[in-house]
Each structure stands twice: as structure tokens, then as C-alpha cells.
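Enquirer: Handing you this structure, nothing more for now.
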Amino acid sequence: MEGPPTTAPPTGWTGRHAVELYVRTYTTMLQSSGEIKVESLVQAHLGMGSVLHPLAAQPQSDMGALLYAVRRLPSAINRCRRVIMGQSPQGFRAVLGDDILGWQAVKAPARRRRWYNDGKNTLAVLIASSSDIDDLVPTLVAFQIEWNKLHRSLQDVDLSDDDAMHAAGATPDDWRRLHDAWGDSFDANIAAIKRDECRIVLRLIGGSHLGFARNASRWWLPIAAAMEDLGARDAPVYFVSSNAHSLVNVLTGVARRIESDIVDWIHKTDPDLDEERRKLEAGHSRASRQNWLYYGARRLFDASPERERLRRWRADLEAGNGVRHIPAVGTGVDSAAQIFMLSKLDASAIDPRVGAVDENRLRESDACIINVDYPLGEAAYHILRQVAEQSAWVAGVYVLGKAATLNADVGDVMIPNVVYNEHSGNTYWLDNCFTAGDVQPNLVYGSALDNQRAVTVRGTFLQNREYLDFYYQGRYTVVEMEAGPYLDASYEIGQPDRYPVGESVNMAQAHFDLGIVHYASDTPYTQARTLGARGLSYRGMDSTYASAIAVARRILQREEALVATK
């Protein structure tokens, strides 16, 4: 079988070896029991030539990289200069003698991770796997580089918006996005940038494989308790990694039950989204009315004066349909979970795009779905391994998530049958249970591409142009972070030994259903500005829900077939 490219591309400081050097640099430095200066990582960061940070070595500000970093760090980073990474509150307490859970909990806008601020100069962050380190370190380095560029450019200018924007070399659009990201703190942050340079120090507490496995075990405990309460301890499990909103919308029909409330609220509060509804009703838009309702429902539940009453109603409805939500608490694994008892679902409420559902057979099912809010990188391995270890039987594994695409466009759906995992060096060949035909009928704006090849990379910053070309030459067109670790865990579900390293692995004979679907959220060959500048928003729900519907249909049809043979 044909595997990934085996010869290195022309590298120098700008190819694959430059990335590996950068990773080795911060990995070995973080083994120190003391603090390291981010400044000492800058040269390796610049030498890598990250496609996400193309202007890193230039005096001009790279607003795309700055926006990306700002959205993935808590706002407290603007005043904190000490970042400590650790696996557990107990580890922090043992080393620092302090309970970080008593500090102020803070969040980043666009990355799920548990941060705590001591109110002074220190941020503590819980990590779920080595991928968190690969994600955090380059993000902090990029943030410091861009902060200090702005510091230098603002020294001799007035801090009025126009003067500061021109000094930074930013476009009005990028400056507006920075305004949006910092909100009311924008002026204070700009003043702080002009006043002081950024000099962050880092420290890692722990970081062992056993510690990450222990985190996953703690994460599982409340899920196990919920399954026991639902009578599902011995239930066959369909494992889904997606998000916290799509599958529950598809399977419960909550939004369709309060359609008039959603329409009224959007009419009052969002003229643009209301205009989209009018186009839908007039037949002037090809978008899905169901997706519009799902998007509008989020606005209603988040901002309506009736949101508390509506949330209680939703919780009661979902509980009656065998749905249980389990928030992520107390560990570095910041992935909420949902349990769906198939026998308790209301077949008439399921999204009609799923297709006909035999309610009688559904009632006879003893299986459940465990949906996990998709984790980052190697945390996926620890999560799926824990679920598989504690479950009576794994009936299916389905992975949905965002990815970068080298050959398609934002909003397209990519379905791989080959995945190369940079972490383990394994190339997985799989009989993906999904094809383009499962997704395309419900995909209005994008295209569905099957028979693709995906590469699981260490982190978003850790690619440069030659690195991407290296994979593209081997026809690897999907760049993402979770499929490889999930496949490492999937291997262990069906084999008697631990996953191998550096091998070609045939997953076509897995004894459970296996499917991977990615929807394109950015295009690295165009500076990857889409992730830093915006989310997928309303139009992005097109690919998300087309994929979620394919998963729901697959699970329900398989379960109906299994019940019929009993």
C-alpha cells in the first residue's frame, strides 16, 4: 500500500526540519523545573516560517496571527506575564503550594481550555495532552512577537484609532476585528502595548502520559454516573466526536417546537438574519430552513429575556427524550459530553432530513450515543480509550470536526480513507463508512469530497509552506488534529496490543463501524485568515449539519437493522 511521503522536502530553516527543531526546542526547555523565557523561543519560531504567521520576521504587524492568538488566549494575558501549564489542580498544589481552583476562572474566546488567574501576574492553565503544549507555546510566542512589534510602532504616534492603525500597518477591517476581540478593553490594551514590552515566562508542571490518562479517567466519572442513572451501564455505545449543539438539534427537534418564538426574537433583534428567513420563505435562498432555526435558537437561548424559562423547558424536554448533558468539570479535559438513549428518542421529532425512522424498532434498541465536544489533538486518544475501556461494547466510532483544506474551499466537506498521524507516525487505511453521497444531498453551499487523504499535525502554527507542499505532493489534502489520535485508540479497541509506531495499518477490518468527516474551516494556502478572523457563522452550519445528519442517519439505520435481526 502507498504510504505518506518518505523523503524530506528541501528544508533549510523553512521546511519540515525547521518545525521539528522548534518542537524539540520548547519540549526540551520545558523539561526544566524552572521558568523559561518566551524570548528564547522566538528565533526558532521565526525560522519555522509558519504559514499561520507569515510576517513573523517582518517589522510589519501580522494582524492575522495576532487576531488568531488573541482569540485563543484569555484577555488576562494582556496584563499577565507568567504562564504555568499543568495537568491537574493537585499537581499545581504540590509544586506551587497554591490552590488554583481558588483563583479567578477565565476563558479564551475561541479555544476550550481551563485557565485561572491569580489576580496579579500569573495565569495557570490545565492541559489535557501534549497537543495542548504544541498549541499553547507557539500561540504565546506569536502573541509576544506581535505585541512587541506594535509596541515599537506606537512609540511616536498618538493613540487615536486612525494614527495607531496606520502605525501598525493594519487594514480597517483587521483593526475592527481587533476592536471586536478586545471589546471595552481595547483602548486600555493599546495603551498598555505602547507603554510596555511583552516578556512572558513559561513553566510546565507534570506532562506525563500517565497524568493525561488519569485526567481522562476523572473526566469519565460523571459520565459513568449518568449512564448508571439512565440504566445504560451495559449499553452498546456509538461514540461521536463533534460539537455540543448539532446532534442534539438533529435528534430532539427542540428548535422546531418553538419556531414561532425563534422567528419573533430574530425579527426583533437581528435584521440580517431575519432577511435571510424572508429569502428562504420566498424561495430566493437555497439554504436550509432547519439550519436557520438551529442558528436562531442559539440566539434565543443565549440572549432572550425568557432564556432561563426556555432553558428549563429545553432541559425537561431533552430529559424526557433520554438525553443527558454532562459538563466537563475539574480536569484538564475540557470536553462536555452528551448521552442519548436511542429507545427514548421521539422519532417524529428527528430532523426530517435524516429520513424515515421506524419508531417501533427504535424503542427496542438497548444502545446509546455518547457525543463528546471534540477535544484537541492527543486528548482524543485518551478520551476514546477511556470510553472504550469503560463501555460494554463499542458499536461505532464517528469523528466530525474542522480541518484545513489544501485543495477545497471553506465550507466543503472532506471524507478521508487514508490518515497519516504525525504523533505516532502511523498511516491508517480505512473503509470510511461515509461517502460523498451521504453528505452532498444536504450540502447547499459546499462540495463533498470523499477518497481524500488527511494528515494529523501537531498544531495549527506548526506548518510552513514547504511542509504543506511536502504533504500535498503525497496527495494529503486535509490538515487536522484529531483523526490520528482517534485512530490510534480505535486500533486498540480491536487489537490485542497497543497501537504501533511508524507503520501502515489496515483499519478496513475493524469490528465496529468507523467514519470520519471533516468540514473545511480554513485554507492555509491563503494565509489561514479565516480561522483568525471569523468563525463559520450561519453559512458554516451548512456543512456542520450536513455532516451531523449523515452520522445520525448512519447510527439509526444500523441500529434498526440490528434490532430487526434479533
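The numbers here are math on the coordinates, done by the rules we state, and not lab data. As the structure is a prediction and not an experimental result, all values here were calculated from the model. Positions of Cβ are generated from backbone atoms using ideal geometry, with glycine treated the same way; all protein chains shown enter the neighbour counts.
Enquirer: If you plug each phi of the stretch 138-152 into the Karplus form 6.51 cos²θ - 1.76 cosθ + 1.60 with θ = phi - 60°, what whole-Hz ³J(HN,Hα) values come out, in order, with x for Gly and Pro?
Expert: Ordered by residue, 3J(HN,Hα) equals x, 5, 5, 5, 4, 4, 5, 4, 6, 4, 6, 5, 4, 4, 5 Hz.
Enquirer: Let me ask another. So for the chain: antiparallel DSSP bridges make up what percent, rounded to the nearest 5?
Expert: On the way: 27 of 71 bridges.
Around 40 percent of the beta bridges assigned by DSSP in the chain are antiparallel ones.
Enquirer: Sorted by average packing, counted as other Cβ atoms within 10 angstrom per residue and highest first, what order do 272-281, 349-358 take? Show your work: numbers first, answer last.
Expert: On the way: 272-281: 14.6, 349-358: 17.5.
Sorting 272-281, 349-358 by mean packing, highest first, produces 349-358, 272-281.
Enquirer: Towards the positive end of the charge dipole of the chain, with charges on Cβ (+1 Lys, Arg; -1 Asp, Glu), say which of S75, G47, L150 has the farthest Cα.
Expert: S75
Enquirer: Rounded if a/c is under 1.5, else prolate if a/b beats b/c, else oblate: with a ≥ b ≥ c from the C-alpha gyration tensor eigenvalues square-rooted, which is the stretch 144-195?
Expert: Working: a/c = 1.38, a/b = 1.21, b/c = 1.14.
Here the stretch 144-195 falls in the rounded category.
Enquirer: Turning to a different aspect of this structure: Need one number: nm distance between label points at K344 and E35, each 7 Å from Cα along Cα→Cβ, rounded to one decimal.
Expert: Modelled inter-label distance: 4.9 nm.
Enquirer: Amide H neighbours of A448 under 5 Å, at least 5 residues apart or on other chains, H built in the peptide plane: list them.
Expert: Placed amide hydrogens put V413 under 5 Å from A448.
Enquirer: Rounded if a/c is under 1.5, else prolate if a/b is larger than b/c, else oblate: which is the stretch 16-205, with a ≥ b ≥ c the root eigenvalues of its Cα gyration tensor?
Expert: Working: a/c = 2.03, a/b = 1.37, b/c = 1.49.
Verdict is oblate for the stretch 16-205.
Enquirer: Placing unit charges on C-beta atoms (Lys and Arg positive, Asp and Glu negative, everything else neutral), compute the dipole magnitude of the chain about its Cα centre in debye, rounded to 20. Walk me through the numbers before you get to the answer.
Expert: Numbers: 60 positive and 70 negative charges, 140 e Å.
Result for the chain is approximately 680 debye, rounded to the nearest 20.
Enquirer: How do I77, I383, I36 line up, fewest other C-beta atoms within 10 Å first?
Expert: Details: I77 24, I383 29, I36 18.
Lowest count first: I36, I77, I383.
Enquirer: Which value at 222 nm does the chain reach when only helices count, each DSSP H run of 4 or more adding -39,500 (n - 2.57), with the total divided by all residues and rounded to the nearest 500 deg cm²/dmol?
Expert: Details: 22 runs with 250 residues, N = 566.
After summing the helix terms and dividing by the residues of the chain, the value is -13500 deg cm²/dmol.
Enquirer: Long-range amide H contacts for G425: which residues qualify at under 5 Å (H placed 1.01 Å from N, peptide plane, sequence gap of 5 or more or a different chain)?
Expert: Amide H neighbours of G425, under 5 Å, 5+ apart: G502.
Enquirer: I would also like to ask the following. Please find the FRET efficiency linking A105 to A315, where r is the Cβ-Cβ separation and R0 is fixed at 22 Å, and quote it to the nearest 0.05. Before the final figure, lay out each step's value.
Expert: Values: r = 23 Å, r/R0 = 1.05.
Computed FRET efficiency for A105 and A315: 0.45.
Enquirer: Same structure, new question: Would you mind calculating the gained length between D497 and H179 on full extension (0.36 nm times residue separation, minus the Cα-Cα distance), in nm to one decimal? Intermediate results must be reported in sequence, preceding the final value.
Expert: Working: separation 318, 0.36 × 318 = 114.48 nm, distance 5.20 nm.
Separation in residues times 0.36 nm, less the Cα-Cα distance, equals 109.3 nm.
Enquirer: Mind listing the phi-derived Karplus ³J(HN,Hα) values for the stretch 166-173, rounded to whole Hz, using 6.51, -1.76 and 1.60 with θ = phi - 60°, and x for any glycine or proline?
Expert: Whole-Hz 3J(HN,Hα) from phi for the stretch 166-173: 5, 5, 6, x, 8, 7, x, 5.
Enquirer: Report, to the nearest 10°, how far helix 379-390 tilts away from the longest principal axis of the Cα atoms in the chain, using its own Cα long axis and a range of 0 to 90°.
Expert: Its long axis makes an angle of about 30 degrees.
Enquirer: Which ³J(HN,Hα) values in Hz, rounded to whole numbers, follow from the phi angles of the stretch 451-460 under the Karplus curve 6.51 cos²θ - 1.76 cosθ + 1.60, where θ = phi - 60° and Gly and Pro get x?
Expert: With coefficients 6.51, -1.76 and 1.60, one gets 6, 8, 10, 10, 10, 8, 9, 6, x, 5 Hz.
Enquirer: For an R0 of 45 angstrom, estimate the FRET efficiency from the Cβ-Cβ distance between L159 and D469 and round to the nearest 0.05. Present the calculation step by step, with values, prior to reporting the outcome.
Expert: Numbers: r = 42 Å, r/R0 = 0.93.
Once rounded, the FRET efficiency stands at 0.60.
Enquirer: Also, quick follow-up: Shape of the stretch 120-250 from its Cα gyration tensor (a ≥ b ≥ c, root eigenvalues): rounded if a/c is under 1.5, otherwise prolate when a/b > b/c, or oblate? Before the final figure, lay out each step's value.
Expert: Details: a/c = 3.66, a/b = 2.10, b/c = 1.74.
It comes out prolate by the Cα gyration axes.
Enquirer: Which order results if S365, S160 are arranged by neighbouring Cβ count within 10 Å, fewest first?
Expert: Values: S365 21, S160 9.
Final ranking by Cβ density, sparse to dense: S160, S365.
Enquirer: Separation of the stretch 262-294 and the stretch 118-150 by C-alpha centroid, Å?
Expert: 39 Å
Enquirer: Going through the cross-link list K37/K107; K120/K149; K120/K194; K279/K344; K37/K194, which pairs have a Cα-Cα distance over 32 Å in this structure?
Expert: Numbers: K37/K107 23 Å; K120/K149 25 Å; K120/K194 20 Å; K279/K344 36 Å; K37/K194 21 Å.
Over 32 Å apart, Cα to Cα: K279/K344.
Enquirer: Continuing with this model, one more query. FRET efficiency for D409 and V444, Cβ-Cβ distance as r, R0 = 22 Å, nearest 0.05? Don't jump to the answer; show the numbers that get you there.
Expert: Working: r = 14 Å, r/R0 = 0.62.
E between D409 and V444, to the nearest 0.05, is 0.95.
Enquirer: Okay, moving on. By how many degrees, between 0 and 90 and to the nearest 10, does the Cα long axis of helix 209-229 differ from the longest principal axis of the chain?
Expert: Here the helix axis deviates by roughly 30 degrees.
Enquirer: H209 versus R278, label points 7 Å from Cα toward the beta carbon: distance in nm?
Expert: A separation of 6.1 nm, rounded to one decimal place.
Enquirer: Here's something else I'd like to know. Taking the Cα atoms only, what angle lies between the long axis of helix 289-303 and the longest principal axis of the chain, rounded to 10 degrees?
Expert: With rounding to tens, the tilt is 60 degrees.
Enquirer: Could you list H179, H382, H209 so that the one with the fewest beta carbons within 10 Å of its beta carbon is first and the one with the most is last? Don't skip to the end; give the middle numbers.
Expert: Details: H179 14, H382 25, H209 11.
Listing H179, H382, H209 from fewest to most nearby Cβ atoms yields H209, H179, H382.
Enquirer: Once amide H atoms are placed 1.01 Å from N in the peptide plane, what residues at a sequence separation of 5 or more from I516, or on another chain, have their amide H within under 5 Å of its amide H?
Expert: Long-range HN contacts for I516: V399, C433, F434.
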